[in-house]
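Colleague: This structure is in structure tokens; I'll ask about it shortly.
The values are calculated or read from the model by the stated rules, or taken from the named source; none is laboratory data. These numbers were taken from a predicted model, which means no experiment stands behind them. Heads up, the Cβs are rebuilt from the backbone with ideal geometry, glycines too, and the neighbour counts pull from every protein chain shown.
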Amino acid sequence: MKLTSIIPLMGMALSAAVYTGCVNASAETELDIDGDLAYCNAQIHRTLDELRGNSDSIDYTMMPRNMEGDATCWHCRKADKEEWCGGFWPGILWYNYEATGDTTIRKEAEKFTSSLEFLSKIPAFDHDLGFLMFCSYGNGYRLTRDPHYRQVIIDTADSLATLYNPNVGTILSWPRNVKMLGGHNTIMDNMINLEMLFWAAKNGGGSNLYDIAVKHAETTMKHHFRPDFTCYHVAVYDSVSGDFIKGMTHQGYADNSLWARGQSWAIYGYTMVYRETRDPRFLDFAQKVTDAYLDRLPEDYVPYWDFDDPRIPDAPRDASAAAVVASALLELQGYVLPEQSKKYLAAAEKMLASLGSDAYRSGDRRPAFLDHSVGHHPAGSEIDAAIIYADYYYIEALLRKKKLEEKHDVLATL
Ligand code: GLY
């Protein structure tokens, strides 16, 4: 069913909060999914106008990535093996096409998506192939059933599988960092990219892709978490013996701190692995990593970028982690007992209400959906910024909520 009730928010005053170290959305903000999707649609059209500039054409190889500081225009990066975020903008366009049925948006989605095809034909650079190709081609195939898209995804999954080390039982996330990190490294973000392997195995690819994804999830479950079910960002292994050497951070505050987006990848990842395997070990684990995160959230349910930053409450929030978790919880709530289901659904609604409030919206000020995300704090980049993956998981979560309200499965296509 197509949404037909989207009314452009022309003229609506959308004030954006200026970051002061303490963002607080009212927990009482009412959730209006159609209104939130209309807001996203309006921001997408603003972005397309901005990308067009004064000409009639768009450079479809340049993908919106972030807006830092006072920037009011997207900083774009060229689609490239080293630019891990290139798939999110095409993915946003596909979701918006799903929400609106607007064929002009579909055409834009197709053009941005095809700029990434070369990545299916070159040796794997790192694990980010999943983010790059499944957010773009994966959503494209889901909505169009174009067999060419399916082949591109299978080829990419085969390429990602070349990074798997059977001695360790995980994918080598960052081949370029083996020396720097002291061995075979696997990062929590890599959990998300297993989805492309599962999908390819079900859609014409080899069954080895399923086996690799399951083994990666098992090995990660065993070594990548502390006893309280919070995760390290990076796990380092001996590439020959497969022994776990150490857990450490790369983008978090400290090796033993709880980096919010790392935990959000774990929540989303194990929920998805349960969906694909129906193995109750993974469901139990998804709930444990979720509860460890929910227990420590601030009042508005948008986490500080790292739960252990000593500057809290003056540390920046990470709207991207909130968007990832909101989307994951909308799926997870469908797999658990009624009491837990209610709790996860209520938490997701609270997250979406906060993100949809003026405290987190980019609004009039700039054409992203959300402000207040943190990319790589230790490197000093994308701190309290609008970042494209926050927008991707936000619109995904809105659509999941919309589907629930219309009594569809959250993974269905509208
Ligand atoms: N590397 C993925 C992230 O920043 O979460």
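Colleague: Show the residue pairs that are 6+ apart or on different chains and have beta-carbon atoms under 8 Å apart, the first residue being within the range 102-125 and in contact (Cβ under 8 Å) with a residue 40 or more places away in the chain, the second being among the acidic types (Asp, Glu) and assigned to a helix (DSSP H, G or I).
Modeller: none
Colleague: May I ask you to say which residue of Asp300, Asp314, Asp308 is within 24 Å of Met248 (Cβ to Cβ) and not small (Gly, Ala, Ser)?
Modeller: Numbers: Asp300 fails: within 24 Å of Met248 (Cβ to Cβ); Asp314 fails: within 24 Å of Met248 (Cβ to Cβ).
Exactly one residue qualifies, and that residue is Asp308.
Colleague: Here's a follow-up. Give the residue that is surrounded by the fewest Cβ atoms within 10 Å (Cβ to Cβ), with candidates limited to residues of the range 390-406 that are part of a helix (DSSP H, G or I) and among the charged types (D, E, K, R). Write out each step before concluding.
Modeller: Filtering the range 390-406 for residues part of a helix (DSSP H, G or I) gives 390-405.
Okay, now just the ones that are also among the charged types (D, E, K, R), so 391, 396, 400-403, 405.
On the way: Asp391: 29, Glu396: 24, Arg400: 26, Lys401: 22, Lys402: 20, Lys403: 20, Glu405: 11.
Across the range 390-406, the extreme among qualifying residues is Glu405.
Colleague: Right, something else. Might you let me know whether the range 315-329 holds any residue that is surrounded by 23 or more Cβ atoms within 10 Å (Cβ to Cβ), part of a helix (DSSP H, G or I) and among the β-branched types (Val, Ile, Thr)?
Modeller: Of all residues in the range 315-329, those surrounded by 23 or more Cβ atoms within 10 Å (Cβ to Cβ) come to 317-329.
Adding the requirement that they be part of a helix (DSSP H, G or I) leaves 319-329.
Still in the list and also among the β-branched types (Val, Ile, Thr): 324-325.
Yes, some residue in the range 315-329 is surrounded by 23 or more Cβ atoms within 10 Å (Cβ to Cβ), part of a helix (DSSP H, G or I) and among the β-branched types (Val, Ile, Thr).
Colleague: Against the definition (farther than 23 Å from Phe307 by Cβ and free of Cβ contacts under 8 Å to residues at least 12 places away in the same chain), how does Lys179 come out, yes or no? Full working, then the answer.
Modeller: Working: farther than 23 Å from Phe307 by Cβ: yes; free of Cβ contacts under 8 Å to residues at least 12 places away in the same chain: yes.
Spelling it out, Lys179 is indeed farther than 23 Å from Phe307 by Cβ and free of Cβ contacts under 8 Å to residues at least 12 places away in the same chain.
Colleague: Out of the residues in the range 238-267 that are farther than 23 Å from Gly375 by Cα and not aliphatic (A, V, I, L, M), state the one that is nearest to the ligand (Cβ to nearest atom). Even if it seems obvious, please write down each step before you answer.
Modeller: Kept after step one, since they are farther than 23 Å from Gly375 by Cα, are these residues of the range 238-267: 238-246.
Filter once more, so that each one left must be not aliphatic (A, V, I, L, M): 238-239, 241-244, 246.
Numbers: Asp238: 23, Ser239: 21, Ser241: 27, Gly242: 24, Asp243: 25, Phe244: 21, Lys246: 19 Å.
This residue is Lys246.
Colleague: Something else about it: Which one of these does Asp36 not meet: (1) of a type in the set (D, E, K, R); (2) at pLDDT 95 or above; (3) surrounded by fewer than 16 Cβ atoms within 10 Å (Cβ to Cβ); (4) more than 16 Å from the ligand (Cβ to nearest atom)?
Modeller: (3)
Colleague: Select from the range 358-383 the residues that are under 20 Å from the mean Cα position of the chain (by Cα), in a loop (DSSP other than H, G, I, E, B) and more than 16 Å from the ligand (Cβ to nearest atom) and write down the one among them that is nearest to Thr249 (Cα to Cα).
Modeller: If we take residues in the range 358-383 being under 20 Å from the mean Cα position of the chain (by Cα), in a loop (DSSP other than H, G, I, E, B) and more than 16 Å from the ligand (Cβ to nearest atom), then Asp371 is nearest to Thr249 (Cα to Cα).
Colleague: For the range 147-210, please list each of the helices (runs of 4 or more DSSP H) lying entirely inside it that holds at least 2 residues being within 16 Å of the ligand (Cβ to nearest atom).
Modeller: Values: elements: 147-161, 178-181, 194-202.
Qualifying helices (runs of 4 or more DSSP H): 178-181, 194-202.
Colleague: Might you let me know whether the range 332-343 holds any residue that is within 29 Å of Ala213 (Cβ to Cβ), of a type in the set (Lys, Arg) and part of a helix (DSSP H, G or I)? So that I can check it myself, show each step before the final result.
Modeller: Kept after step one, since they are within 29 Å of Ala213 (Cβ to Cβ), are these residues of the range 332-343: 332-337, 340-341, 343.
Pick out the ones that are also of a type in the set (Lys, Arg) and you get 343.
Next, from what is left, pick out any that are part of a helix (DSSP H, G or I): 343.
Taking every residue of the range 332-343 in turn, at least one turns out to be within 29 Å of Ala213 (Cβ to Cβ), of a type in the set (Lys, Arg) and part of a helix (DSSP H, G or I).
Residue-by-condition table, conditions (1) at pLDDT 95 or above; (2) in contact with a strand residue (DSSP E or B) (Cβ under 8 Å, 6 or more places away or on another chain); (3) buried (at least 18 other Cβ atoms within 10 Å of the Cβ); (4) among the hydroxyl-bearing types (Ser, Thr, Tyr):
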position: Leu14; (1), (2), (3), (4): no, yes, no, no
position: Val18; (1), (2), (3), (4): no, no, no, no
position: Ala27; (1), (2), (3), (4): no, no, no, no
position: Arg52; (1), (2), (3), (4): yes, no, no, no
position: Ile58; (1), (2), (3), (4): yes, no, no, no
position: Glu68; (1), (2), (3), (4): yes, yes, no, no
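Colleague: Where the second residue is within 12 Å of the ligand (Cβ to nearest atom) and among the hydroxyl-bearing types (Ser, Thr, Tyr) and the first is over 15 Å from Ile122 (Cβ atoms) and part of a loop (DSSP other than H, G, I, E, B) and lies in the range 76-90, which pairs have Cβ atoms under 7 Å and are six or more apart or on separate chains?
Modeller: Cys85/Tyr389
Colleague: Another question, if that's okay. On the basis of being within 25 Å of Thr220 (Cβ to Cβ), under 21 Å from the mean Cα position of the chain (by Cα) and touching a residue at least 24 places away in the same chain (Cβ under 8 Å), does Val336 make the cut?
Modeller: no
Colleague: Give me the pairs: first residue in the range 52-65 and closer than 20 Å to Ala386 by Cβ, second residue buried (at least 17 other Cβ atoms within 10 Å of the Cβ) and of a type in the set (Phe, Trp, Tyr), beta-carbon distance under 6 Å, and six or more apart or on different chains, which are they?
Modeller: These pairs meet every condition: Met63/Trp89; Pro64/Trp74; Pro64/Trp89.
Colleague: Let me ask another. Being more than 15 Å from the ligand (Cβ to nearest atom) and either touching a Phe, Trp or Tyr at 6+ places or on another chain (Cβ under 7 Å) or in a helix (DSSP H, G or I) (or both) is the requirement here; does Tyr270 meet it?
Modeller: Working: more than 15 Å from the ligand (Cβ to nearest atom): yes; either touching a Phe, Trp or Tyr at 6+ places or on another chain (Cβ under 7 Å) or in a helix (DSSP H, G or I) (or both): yes.
Yes, satisfied.
Colleague: Oh, and also: Residues of the range 211-248 being of a type in the set (Lys, Arg), out of contact with any Ser or Thr (no Cβ under 9 Å at 6 or more places or on another chain) and assigned to a helix (DSSP H, G or I), which ones?
Modeller: The one that is of a type in the set (Lys, Arg), out of contact with any Ser or Thr (no Cβ under 9 Å at 6 or more places or on another chain) and assigned to a helix (DSSP H, G or I): Lys222.
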